[in-house]
Structure formats: structure tokens, C-alpha cells
Amino acid sequence: MFLAAKPPFTNAERLYSIYYKLRRNRDGTAAVQNLICFMSAFYTEMEQTQAFPLSIEEMDQSTMVRDALDQVMTEYPGIVRKFLLIDAIDVAQRISSRESQRLGGMIIESLENDNFAQVIQLTDQLLSSQDAQLPDSVVAKTMLIKATAHQKQGNLDSALSGVSEIISRWDSAKNLQLQHSVVDALIIRIEILQEQGKIKLALLTVDEIVNCFGDKDSPHLQGCVAWALVIRGEILQDQHNRNPAIEAFDEAVMRLDAVESQEFQWCIARALTNKGKLLRIQNQSDFALSIFEEVVERFGIAEDTELQCWVGRALICKGELLHELGHLKSALSTFENIVKRFHLTKKIRLQDLVARSLIKKAQIFWRQDRPDSALLTLEKVVERFDAIENAGLQNSVAQAFINKGEILQVQDQFEPALSAFEGVIERLSTANAPHLKIMVSFALLHKIMTLCVFRAPAVDGVLPAIEEGLGFINTVEGMKLSNGMRLMLQKNLVAMWTLKHFVLQRKGESGDAKIVFQKLTEHFDFEDSSELQIWSIKVLIDLTELQINTGNIPDALYTCNEITRRLSEVTGHEKALLTWEALRVRTNALLIQKDLPAAVDSFQSLYAVLDPNNGEMIRMISNFVIHLTAAGVASRALLEVISDDSACAEALRPIIVALQQEAGETVRAPGEILEIASDIRSDIQKQRASLRRGEGINVGTPSQQASSSDVV
């Protein structure tokens, strides 16, 4: 069952064939086979699932049924879409003794419940059973189930040993089902090698699959070749080899479209979604959006869980891109679409998509200056998913707590913010999943940064929190972590050591601060000190943002000076962006302090490092012009700054026109430019009115900007 749905004409033929053979009492095996094919086309997935136990019972009584199922599986390797369940059901159908059948049924049930420890125990019993005369194809698939269960449990060495034995025993087999087991084992080997950080060996295994099975006719083998190509694309994507990655995704889709394999439709969705992500990185926003929409159009009504997951991920990517482009209403609508699609589901992976979408909605509400809506949405995540014992959902709940704490920080609600971070620490400190440990390290880091502001300028009580964070990370470093997780942990560790160094300097303990920085340099395996300084500077920029948002301008400027000192030691391509960020926060701090001459000087330095092709930078320059003009800086002075560079001046044409009009000039320009300039002048008037009411100035961060100047 669970076959690829056939065209109606083919199914009608099978139905007639069933009728014909039953009428004449001929070829019962073929009749059962055709009946199974008919059911696969017209029965729902749930109905087919419910039919499996009955099929197994019938097999015990009827050789004809057993032969029919065997023939169907040979002709249609995509009999079940779930990778593990294919093998479990195949095993159950191929064993003859009643005791072995009982074990096969228990394996299926254990897999469906993600009880991988029991799966390992049961497969061992089946393989060692004395009364089960198991053919090689069943032995191979049983070993494959066991290896995959080990992989799911994180026992990578045991899993790798299991798949290696399958490959070595049957890599030259001519039997199609043994070839399926071998290629499935190779796929698992790739995944394990990736988790172990052995990327070159993983890519070699991808090549092995393509070379050995790339010209085979079997839909399952072609599907696995495509799957391997998708993995290759993802590895290249991680290595920033973007065009070769896109080529790998395109080839995978082409192969799968050619064989029309229903079993691997999720692989098409995965390849397209990853391609869209790469196009987004390459600033091909329209193309990326069209790819995400293609995934939804092709697979949006699919019932298969894996496909639904990739549809949800494509929608999340679409929403994130719309958010990034400033299309906030469309982004909100996209995330709401995900919530509506899956809010009634009991499937954990789909519930996780709901949780992530709610968090994304909260982030948009925050950008729209709707903190109450953001906090309410984050509370929904906690209320709905906190009690579910699933690592993915626990991760989303932790993210909700951290986002809640960040919002409360900015609202000067330090105690509730600290409580939110403590919520993560208390819930997950003893969790076993590595990614949950990473979330605890993030919560500890946010707690430290909050205390740096809350207890300023004396920063009393911060050092014990830093020692708590460093101690926790020390316990995690010995765990088996993926390269990505280890990098995140290292970033958080750099941040904590940087803040310890900063706090000691702030307390006047320069000798201890110097020792800390020496330890920091020695501890991390960076290629050079510049790379270490980059992470430190990013932490200090975040700290400056927090100090500004809480009105602690003297400390913010002190931190800006520390950033400037560290920037002198940075080289490489990242220095320009870090310089921009450092000048941005300094200009904002000086503007809030109402030191207008210093703010204009800092703005001029900021403008000097502007990339005219960076839309976020253009929006930030526009917002600074609005706030500086409203604060009393002469339009002529700002025009002198932004009119010199022809490339930048072209990108800032609406802003220049607005300033010229503010200076009393009559300006001729295209209607669209004049319309945007009018919006900018309106924003200036609103800001002036705000200042007259005694409200403060804060240009904010790029992610918080959502004014009419976004259209520039």
C-alpha cells in the first residue's frame, strides 16, 4: 500500500482486472496485487495505515496474499513514504513464523512511537531468532532499522558500524531490494559523517551513490541519488559555494521529476526550499519568493507529513524574506497561514512550525512598535507548547522566553526580563539534547547583558553571573556537538569572556582585565586575533544597543570607545561592516545626548562607509537625516554631507530632494521621487512634534525601522 497515485485510466484498468479475475476465479495473486494498487490510489493515508495490521494477519493465513505483497513491493519500492516504516513493514511482511511476525509488528509500533531503544532491542531479537529463516533482504533491512534507531539516539559510532556492515556485505548484490538497502545505508553514512564533521568523506560518499546508482531505472534508487545530491547541495551551501549548490539542487529536482516518484516528493520540496534560501542570500528576492511559492503550489495540499513540513518551511522562508524586505503585512499573513494550516495537528514537527511562526509574528509586532501584541503572542507559545516533552518544541519555548526577555529589557523591566531568561535556565539546564544546551547558554548570556545594564555603572553582581555562564558552557564543551552547534557555543563563550573583560575594566581592575583577555586569546582556536576581535566587537555593539535603549548613554559612549579601540586590530572584509555598525550606534547615542555637532561629525563618518547597494544602510541614513533635521541640524549642513558622492547621492535622491525642500528650494524631480520626499518631510514634522512634547530621540536598530522612508 502507500503506492504512488496512478492516473485514473490506469486505476480503472486495475479495477476491471480485479473484477475479471475474481469472476473467473483465476490468478488470485494478481487480483490481490491489483487490489492493493487500487487501494493506494483511492484510500486515504490513514485508511491504508489501518489496513497494514490486517494485511500482516492475512499473510499468516495465505501464501497468495504474501506473494502478492511481495510482488507489489518489488515493482513499487515506494510502498510507504516514511523511510523507516518502509523497512519495518517490509520485514514484517517477509517473515513466516508467527513469533517473528509478532516481533515485526512490535518494531513497526515502536518506530511509530519514536521508541528507538525498544526498536534496537526488538531488531536484535529478530536477527537472533532461531525459528526465523530470514532472507538476506530482510536481514539487511532489519539491520538498517537498527542502525537508524542508533542514529536517532545519537549513538553515531554504533549506527556507522551497522550501515558499514550492510554496505560491505551486499555492495555487489544484484538483487534490487538488497541494492535498496545498500543505498539507504550509504545515505545514513552521509548523515552520520556530516554530524561528525567529516565533510570530505560525506561528499565522497555522495559521489559513490551517484556513480554506482545514477544510471539505474529503479525509482527508489533514483530517489536516493537525488537525496544524495540534495545533501551535496546543503554541504556546499554551508561552505558558501552557492552556485554549485544550486546546480546540485537543480539536478536533484530534474532527476525526480523525470521518474515521477511519489516516495521522494519531499526531496523536491527540500531542494527547492534550499535553492530559495540561496537566492535570498544572493539578493535575488523575487526569484527566491517565486521558488518558495512553487513549493506551496506543488505540494500545499499533500497529506504526507514530510511534505507538509517542507511546505511549512518554505512558507517560513517566504515570511522571513517578506519581513526582511519590509513587507510586514504580507509577512504577517504568511506566518498566520502556517498557524491556520497546522494549528489542529498533533504531529510534533508540524506543531513546531506553528510555534516558530508565532515567534516570527511576535518579532514583526515588535518591529511595528506593538510590544503588547508581541508579548501576548510569545505567551501563547509558552502556554501551548511548554508542557510537551519534545526537544524541538522546547527549543521554540526557550526562544519565546528569550524574545520576551529582550522586549522587557528595552521597556526597562529588568526584573521580569531576568525572570524570562531564568525560565529557560531552570527548564533546560538538565536537558540532554545539545541544541537545548545551546539555548541555555544564550539565556545565560542575555542574563549577563541585562545585569551589565541593570547594575550599571558599578556592575555589581555581574561577575557571579558570568562565572555561572562560563561554568555551564564548560560542561557542554565535552558533549558531542555538530560543527554548527560548537561554533554557536564558541560565540557565546567569546561573548561571556568579552563581557568579563569589559566589566573588570569598568570596575577599574585593569590588571585582572588584561589577564582575562590573555586567557581569551589563548583559549580559542581562531586563525588570528582579528577573528577573535570580530566576535568581541559584535558582542559590545549588542551591549551598546541595550545601553542606548535603556537610556544609559554615558555607558553606551564608553562602550563605543572600547569598540573603536578594538576595531584598530581588525583586518579583512568584515571590518567595513563592523565600522558601519560602530558608527551607527555612536551617532545614535550622541543624537540622544543632544550633542548635535558631535552627532553630525559621527554621521559624516557613517556616511563615508555607506554601501549604496545596501538597502538597510540606505534606510538607516534616511532615518538619521529625519531625526537630525527634526533635532535642529540645518538642512544645508546635511546636504553638504550626502551630496558629495554621486553613487550614494543617486541612491539617496528622495532624501536629498526632501532636504532641498526643507531649505526652501523649488525642486523639479520625477513624481515618484517627489512623493517619497513628501513622506520623508512628513516624518520630519512628526518627529519635531514628538520632541516638542518632550519625547526622546532614538533612531533604533535597522530591524526596528518601519517608517515611510522604507520605500526609498
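Computed values, structure above
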{"quantity": "Segment 202-315: relative contact order as a whole-number percent, Cα under 8 Å and 6+ apart", "calculated": "20"}
{"quantity": "Under-17-angstrom lysine pairs by C-alpha in segment 320-364, whenever the two are 8 or more apart or on separate chains", "calculated": "5"}
{"quantity": "Range of Cα positions in segment 107-152 per principal axis (Å), largest first", "calculated": "28, 16, 14"}
{"quantity": "From the C-alpha gyration tensor of segment 389-449, square roots of 5λ in Å", "calculated": "21, 10, 8"}
{"quantity": "Order by protection proxy (mean Cβ within 10 Å, highest first), peptides 427-433, 392-398, 115-121", "calculated": "392-398, 115-121, 427-433"}
{"quantity": "Mean separation of Cα contacts under 8 Å (6+ apart) over length of segment 538-626, as relative contact order %", "calculated": "23"}
{"quantity": "Ranking by accessible area, most exposed first, for Arg169, Arg270 with a 1.4 Å probe", "calculated": "Arg169, Arg270"}
{"quantity": "Per residue accessible area in Å² of segment 239-348, where ligands, DNA and RNA are left out and the probe is 1.4 Å", "calculated": "46"}
{"quantity": "Counting all C-alpha pairs of segment 185-316, share separated by more than 20 Å (%)", "calculated": "44"}
{"quantity": "Theoretical FRET efficiency, 1/(1+(r/R0)^6), r = Cβ-Cβ of Gln118 and Gln413, R0 45 Å, to 0.05", "calculated": "0.45"}
{"quantity": "By average C-beta atoms within 10 angstrom, highest first, the peptides 367-378, 536-547", "calculated": "536-547, 367-378"}
{"quantity": "Contact order relative to length of segment 150-250, as percent, for alpha carbon pairs under 8 angstrom and 6 or more apart", "calculated": "18"}
{"quantity": "For Ile388, net neighbour charge (Lys/Arg +1, Asp/Glu -1) across residues whose Cβ lies under 11 Å away", "calculated": "-1"}
{"quantity": "Surface/4 of the Cα convex hull for segment 172-234, nm²", "calculated": "3.9"}
{"quantity": "Extended-chain gain in nm, criterion 0.36 nm per residue less alpha-carbon gap, Asn243 and Leu344", "calculated": "32.5 nm"}
{"quantity": "At R0 = 30 Å, FRET efficiency that the Cβ-Cβ distance of Asn390 and Leu487 yields, to 0.05", "calculated": "0.75"}
{"quantity": "Solvent-accessible area, 1.4 Å probe, carbon plus sulfur percent, for segment 203-345", "calculated": "47"}
{"quantity": "Separation of the Ile301 and Ser330 label points, Cα + 7 Å toward Cβ, nm", "calculated": "2.5"}
{"quantity": "Full-stretch length increase - Glu574, Arg688 - with 0.36 nm per residue and alpha-carbon distance subtracted", "calculated": "37.4 nm"}
{"quantity": "Rg(Cα) / (2.2 N^0.38 Å) computed for segment 133-179, rounded to two decimals", "calculated": "1.15"}
{"quantity": "Equivalent ellipsoid, segment 333-440 (semi-axes from 5 times Cα gyration tensor eigenvalues, Å)", "calculated": "21, 20, 9"}
{"quantity": "Proximal lysines relative to Lys519, as straight alpha-carbon distance under 30 Å, when same-chain residues fewer than 8 apart are discounted", "calculated": "Lys198, Lys437, Lys447, Lys480, Lys491, Lys500, Lys507, Lys538, Lys575"}
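The values are calculated or read from the model by the stated rules, or taken from the named source; none is laboratory data. Keep in mind that what you see is a predicted model, and the values were worked out from it rather than measured. Reconstructed Cβ throughout: ideal geometry from the backbone, glycine too, with neighbour counts over all protein chains shown. In case anyone asks, the SASA skips ligands and DNA or RNA and just uses the protein heavy atoms, side chains included. Shrake-Rupley method; radii C 1.70, N 1.55, O 1.52, S 1.80 Å.
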